[in-house]
Amino acid sequence: MTVRFDTVPLAKFSPNRGLTQLAIGHVFIAFLLMLADVASAALPPLVDGEPLPSLAPMVEKVVPAVVNIRALAPADVPPPGDAQAYRLPSEAENLGSGVVIDAEAGYVVTNRHVIDGAHSVQVMLSDGRRLEATRVGVDPATDLAVIRIPADALQGLPMFDSDALRVGDFVVAIGNAFGLSHTVTSGIVSGLGRSGLGYDSFEDFIQTDASVNPGNSGGALVNLRGELVGINTAILAPGGNASGVSFAIPIKLVRAVVEQIVEHGEVRRGELGAQMQDLTRELAAAYRIPAGSGAVLTRITPRSAADKAGLQAGDLVLEIDGHPVRDANDLRNRVGLVRVGDVMELGLMRNGNRLTSRVRMRDPQLHSIDGERLTALLAGAQLSEVETERQGFRGGKQVQVMNVESGSRAQRAGLLQGDVIDTVERQGIDTLADLMKATSRAGDALRIRVRRGNDSKILMFR
């Protein structure tokens with residue numbers, strides 16, 4: 001199972017029984033670092049008579065760009081009459097990390113789940129300053145968020161081309177582990193392009209064995225030159241126990257998402273309008289190319305961007321904008337970075353012939369949406385436009401709640417899976433377009449009437 005890092009409880013620490021093995025491992029790593037001649041990190045070249053090899057010079061440059069985040073959200077309160085209610089805190093606290101992505105403008109990138117539902121986000125810098133952050137926008141599909149702090153003597157990080165990252169490269173993770181400010185751990189890249197973790201819509205993770213823990217979410221993963229290669233986001237924890245396997249979002253994806261959030265307050269992805277699958281061994285043999293070097297288009301949506309560009313079911317996509325395509329997930333992730341209106345170039349194979357197709361990305365047809373894209377008051381609700389069972393009722397369409405995240409603002413307001421949005425501030429809601437228009441003027445509160453079975457309820461969102 002993949003575990004996100006949210007609230008960080010205080011923990012008891014026990015002695016490290018593997019101290020001898022750990023010490024041997026550190027000596028071995030030091031030896032490798034000397035052989036690698038990582039001069040850009042200013043590591044000393046000798047041991048005898050000289051200081052031991054150290055990452056300290058690089059870490060000292062990186063730490064000021066990594067921030068600790070304290071997000072405060074209303075705590076869940078039991079129903080009236082609960083005798084224990086007075087013992088519950090009025091606020092829930094999430095601890096996480098962030099990275100200054102634009103020092104001049106004060107933009108900080110973190111994970112969405114770190115600040116989800118928070119009414120106050122406080123940032124602590126390495127020099128001890130505590131600042132109140134404002135929310136810029138989030139992208140639920142990648143679990144990324146951008147916040148902003150006063151741009152006063154901030155320091156950012158140079159970025160590394162994460163496409164050039166290799167398995168075996170040394171990396172360092174920096175973050176607010178267990179609330180321990182600016183904790184530094186090291187490891188190597190254990191895998192690239194990891195997907196299928198059931199985490200989010202776009203999965204292209206860097207896997208590392210650098211020790212990351214609750215509170216590290218949103219923190220920096222850097223190489224030995226102090227260049228940002230990814231944003232730490234999750235661990236693999238069977239049974240709730242850390243396994244030494246963690247995941248980071250590659251910086252190429254982070255940059256594309258952050259640019260759109262800063263510009264629009266959200267990510268406006270284009271829609272290709274094609275279903276795809278991996279190139280299996282059997283298909284690879286049929287195409288006479290190596291397996292694992294492309295993705296097959298299996299269905300083209302009529303009147304979509306793919307249809308207008310002349311793509312056909314059975315086309316094998318080998319490249320996108322000059323980058324080789326590994327599999328369907330790789331193609332899906334790269335397409336997901338292309339903005340509405342932008343043109344991408346696909347390298348194809350059709351009937352044994354290679355050709356190039358230029359595709360202009362179009363607006364996706366709106367059938368479902370994360371409530372947070374409409375207003376922060378609906379954070380945690382997944383809404384879909386569906387056909388009603390009773391034909392002729394309000395044109396045969398309605399907006400239904402498909403999912404509500406535990407602990408989210410939507411859940412705290414009383415919204416349940418299966419609810420149908422009937423009115424918003426007395427405006428009738430038939431479609432998602434109606435809902436978008438009705439919530440566009442939302443202030444600090446929103447009154448929504450929902451149909452729940454045969455009953456109607458009015459819910460207040462604050």
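Only one of the numbered conditions (1) in a loop (DSSP other than H, G, I, E, B); (2) farther than 30 Å from Leu221 by Cα; (3) not small (Gly, Ala, Ser) is not met by Val267, and that is (2). Residues in the range 171-183 that are touching a residue at least 60 places away in the same chain (Cβ under 8 Å) and surrounded by 20 or more Cβ atoms within 10 Å (Cβ to Cβ): 6 in all. The set of residues in the range 211-227 that are part of a strand (DSSP E or B) and over 17 Å from Gly191 (Cα atoms) contains only Ala220. Residue pairs whose Cβ atoms lie under 8 Å apart, sitting 6 or more positions apart in sequence or on different chains, and linking a residue in the range 413-440 that is at negative phi and part of a loop (DSSP other than H, G, I, E, B) to a partner that is surrounded by fewer than 18 Cβ atoms within 10 Å (Cβ to Cβ) and of a type in the set (A, V, I, L, M, F, W, C), are Ala413/Leu459; Ala413/Met460; Leu415/Leu459; Gln417/Met402.
Taken over the range 124-139, the criterion of being touching a residue at least 40 places away in the same chain (Cβ under 8 Å), in contact with a Leu (Cβ under 9 Å, 6 or more places away or on another chain) and assigned to a strand (DSSP E or B) is satisfied by Met124, Val138.
Evaluating Gly193 against the criteria (1) part of a strand (DSSP E or B); (2) on the phi > 0 side of the Ramachandran plot; (3) at pLDDT 90 or above; (4) not aromatic (Phe, Trp, Tyr) leaves one unmet condition, (3). On the basis of being surrounded by fewer than 15 Cβ atoms within 10 Å (Cβ to Cβ) and either modelled with pLDDT under 90 or of a type in the set (Ser, Thr, Tyr) (or both), does Thr110 make the cut? For Thr110, the condition - surrounded by fewer than 15 Cβ atoms within 10 Å (Cβ to Cβ) and either modelled with pLDDT under 90 or of a type in the set (Ser, Thr, Tyr) (or both) - is not met. The set of residues from the range 113-142 being β-branched (Val, Ile, Thr) and buried (at least 19 other Cβ atoms within 10 Å of the Cβ) comprises Val114, Ile115, Val121, Val123, Val136, Val138, Thr142. Consider the range 108-161. How many of its residues are among the polar types (S, T, N, Q) and under 16 Å from Val254 (Cα atoms)? Matching residues across the range 108-161 total 3. Does Ala73 count as modelled with pLDDT under 85, assigned to a strand (DSSP E or B) and closer than 22 Å to Thr142 by Cα? So Ala73 fits the description; yes. When Glu282, Glu345 are screened for being closer than 25 Å to Asp161 by Cβ and outside any loop (DSSP other than H, G, I, E, B), only Glu345 passes. Starting from the range 302-331, keep only residues that are assigned by TED's automatic domain parsing to the domain that holds Ala164, then list their pairs with residues that are polar (S, T, N, Q) and in a strand (DSSP E or B) whose Cβ atoms are within a distance under 6 Å, requiring at least 6 positions of separation or different chains. Close Cβ pairs satisfying both conditions: none exist. Screening the range 281-320 for residues that are among the acidic types (Asp, Glu) and over 22 Å from Arg339 (Cα atoms) and picking the one that is surrounded by the most Cβ atoms within 10 Å (Cβ to Cβ) gives Asp315. In the same structural domain as Gly226 (by TED's automatic domain parsing), within 20 Å of Asn213 (Cα to Cα) and in a strand (DSSP E or B): is that true of Thr142 in this structure? No. Annotation note: Cβ proximity below 8 Å between a residue of the range 148-162 that is farther than 24 Å from Ala71 by Cβ and a residue that is buried (at least 18 other Cβ atoms within 10 Å of the Cβ) and of a type in the set (Lys, Arg) (sequence gap 6+ or interchain) occurs for Asp161/Lys252; Ser162/Lys252.
The values are calculated or read from the model by the stated rules, or taken from the named source; none is laboratory data. Note that the coordinates shown come from a computational prediction; the quantities given were computed from them, not determined experimentally. With ideal geometry, Cβ positions are generated from the backbone for all residues, glycine too; neighbour counts draw on all protein chains shown.
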